[in-house]
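Visitor: One structure is given below, represented as structure tokens, and several questions about it will come after.
The values are calculated or read from the model by the stated rules, or taken from the named source; none is laboratory data. Values in this document were obtained by computation on a predicted structure and should not be read as measured data. With ideal geometry, Cβ positions are generated from the backbone for all residues, glycine too; neighbour counts draw on all protein chains shown. Please note that ligands, DNA and RNA were not included when accessible areas were found on the heavy atoms of the full protein model with its side chains. Shrake-Rupley method; radii C 1.70, N 1.55, O 1.52, S 1.80 Å.
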Amino acid sequence: MASVEEGLDRIPTADSARGIATALQIDLPLLMGRDPRPQPLPTGDPIGDNLERIRECLERRDALGPAPDTVAAPLVVIAVGLRDAWRCYRQAEYRSLTGALPRLLHDAVMSDGIRAGGGDGPEAARLLSQAYQVTAAALRKLGEYQLSWLAADRAIEAATRGHDPLLTAAASRFAAATMLAMGRTTPALNLSMTATTSLPAKQRPHHTQMVVEGTLLLQGAAAAARMADTATTRSLLAEADGVAARLEQDTVRYWTRFGRTVTELSRASVAVELGEGADAITIHRRLQQALPSLPREQHAGHYLTLARAYLQTGATDRAAEALETSTRLAPAERRNPLHQALRNQIRTV
């Protein structure tokens, strides 16, 4: 056990990892330094089939180039598709979301190719970036980290072509989140900070910029916490607090929510990453009145954080209750590899 703690030995199996995590009273992501890997989906599973179609869309982008007689979908149709996709994501309706993404990606890629160089080319590129962003978010949630990184990278490229620096920075957040899930903590922190410093310097930034800035600061704090860099973590959280205070209330821009409640959610998650489960539980008690107003994905995700916190404090029964609450709020969260890892760890205690 001591040699594992000191990094001298590798952890041979998932079962061994769960046993070590239980003995050390820490959870698996903290032990492994990355997000859990998903369990294999059964043959014929609808989400598994949808993921294969998304994979084809991402891997065959060049083959999706518009034919000479192709008619682009109206921009408003793509925008409506984006709105519906983000609604499915916020409500943790992953089956519906993954089912809709192949068509959305197809339409957005075709539109971007056909409209490139025209007057509405930048808008088509911006819509394509947002389509890639929601795809990256969904794929990361379902444990498809390599595909998520590919989608996030393309989101940055499309936003750059759309001449929207704020959208480019917003896309960088998804890339950083995926890097963190893959265990690439230093690049995740560097990307978050680079994107933050690249934001336009303004004395009175508008709400969109503050949402993007605050979200990047929280992403950076998460990466710093995974690196056990407490000083940087606390500094970035304090900066995010300042941005949230200027916003006054939780605000949604580019389909992303930021504000005081979101900052507190991140503070709880960061506490768990630092192994400070008791602090995360205290933060949860402060948040209880605000939680019902959150989208299901965030609400259920917070209870996964709480389950991790209870495991760290040895309260396995409470951890099981928190996991059950997450499942009740968003049944599709069972697909989340973190949910699967927590369920397996609780069963071994």
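Visitor: Return the label of the correct value of Rg and Dmax of the Cα atoms in Å, as calculated from the structure shown, out of [x] 22.2, 76; [y] 20.2, 66; [z] 20.8, 62.
Guide: Correct label is [y].
Visitor: A further question follows. Over what distance in Å are the Cα centres of segment 70-136 and segment 191-264 separated?
Guide: When both Cα centres are located, 26 Å separates them.
Visitor: Using Cα pairs closer than 8 Å and at least 6 residues apart in sequence, work out the relative contact order for segment 265-349, in percent.
Guide: Relative contact order, segment 265-349: 27 percent.
Visitor: As an exercise, identify the trypsin sites (Lys or Arg not before Pro) in segment 196-279 lying in DSSP coil whose Cβ has no more than 11 other Cβ atoms within 10 Å. Intermediate values should be presented prior to the final figure.
Guide: Working: sites: K202, R226, R234, R246, R253, R257, R260, R267; in loops: K202.
Filter output for segment 196-279: K202.
Visitor: Shifting gears a bit: With only Lys, Arg, Asp and Glu charged, each at its Cβ (+1 for the first two, -1 for the last two), find how big the charge dipole of segment 89-222 is about the Cα centre; round to the nearest 20 debye.
Guide: Details: 13 positive and 10 negative charges, 53 e Å.
Around 260 debye, computed over segment 89-222.
Visitor: Same structure, new question: Taking 8 Å as the Cα distance limit and 6 or more residues as the minimum spacing, I'd like the relative contact order of segment 131-261 as a percentage.
Guide: Working: 188 pairs, mean separation 24.3, N = 131.
Over segment 131-261, the number comes to 19 percent.
Visitor: Follow-up question, since we're still on this one. If you place +1 on the Cβ of every Lys and Arg, -1 on the Cβ of every Asp and Glu, and leave all else neutral, what size is the dipole of the chain about its Cα centre, to the nearest 20 Debye?
Guide: Result for the chain is approximately 460 debye, rounded to the nearest 20.
Visitor: Further question: Run the accessible area of the chain with a 1.4 Å probe and give the carbon-and-sulfur part as a rounded percent.
Guide: Values: 7610 of 15490 Å².
Here it works out to 49 percent.
Visitor: Give me the distance in nm between label points sitting 7 Å out from Cα along the Cα-to-Cβ direction at A79 and H206, one decimal.
Guide: 1.5 nm
Visitor: Here's another thing I want to ask about it. Only helical DSSP H runs with n ≥ 4 go in: add -39500 (n - 2.57) per run for the chain, normalise by residue count and round the 222 nm mean residue ellipticity to 500 deg cm²/dmol. Walk me through the numbers before you get to the answer.
Guide: On the way: 17 runs with 246 residues, N = 349.
Helices in the chain give a 222 nm mean residue ellipticity of -23000 deg cm²/dmol.
Visitor: Helix 94-115: angle to the longest alpha-carbon principal axis of the chain, degrees 0 to 90, nearest 10?
Guide: Helix 94-115 sits roughly 30 degrees off the main axis of the chain.
Visitor: Defining a contact as two alpha carbons under 8 Å apart and six or more residues distant in sequence, what relative contact order in percent does the chain show? Please report the intermediate quantities before stating the final value.
Guide: Details: 523 pairs, mean separation 59.7, N = 349.
After rounding, I find 17 percent.
Visitor: Are there GluC sites (Glu not before Pro) in segment 234-314 that DSSP marks as loop and that have at most 13 other Cβ atoms within 10 Å, and which are they? The partial results should precede the final answer.
Guide: Numbers: sites: E239, E248, E264, E273, E276, E297; in loops: E248, E276.
For GluC sites (Glu not before Pro) across segment 234-314 that sit outside H, G, I, E and B with at most 13 neighbouring Cβ atoms in 10 Å, the list reads E248.
Visitor: Based on the Cβ-Cβ distance from E59 to T160, what FRET efficiency comes out when R0 is 25 Å, to the nearest 0.05? Could you put the intermediate results ahead of the total?
Guide: Details: r = 22 Å, r/R0 = 0.87.
Efficiency, from the Cβ-Cβ distance: 0.70.
Visitor: Further question: Give me the 1.4 Å probe accessible area per residue for the chain, excluding ligands and nucleic acids, in Å².
Guide: Working: 15490 Å² over 349 residues.
Counting only protein heavy atoms, the per-residue value for the chain is 44 Å².
Visitor: Further, regarding this structure: Kindly rank 332-340, 287-295, 144-152 from highest to lowest mean number of other beta carbons found within 10 Å of each residue.
Guide: Working: 332-340: 21.2, 287-295: 13.2, 144-152: 23.0.
Averaged packing, sorted descending, gives the order 144-152, 332-340, 287-295.
Visitor: Still on this structure, please answer the following. Projecting each Cα onto the charge dipole of the chain (Lys/Arg +1, Asp/Glu -1 at the beta carbon, about the Cα centre), which of P295, A238, H163 comes out farthest on the positive side?
Guide: Final value for the positive-end residue is P295.
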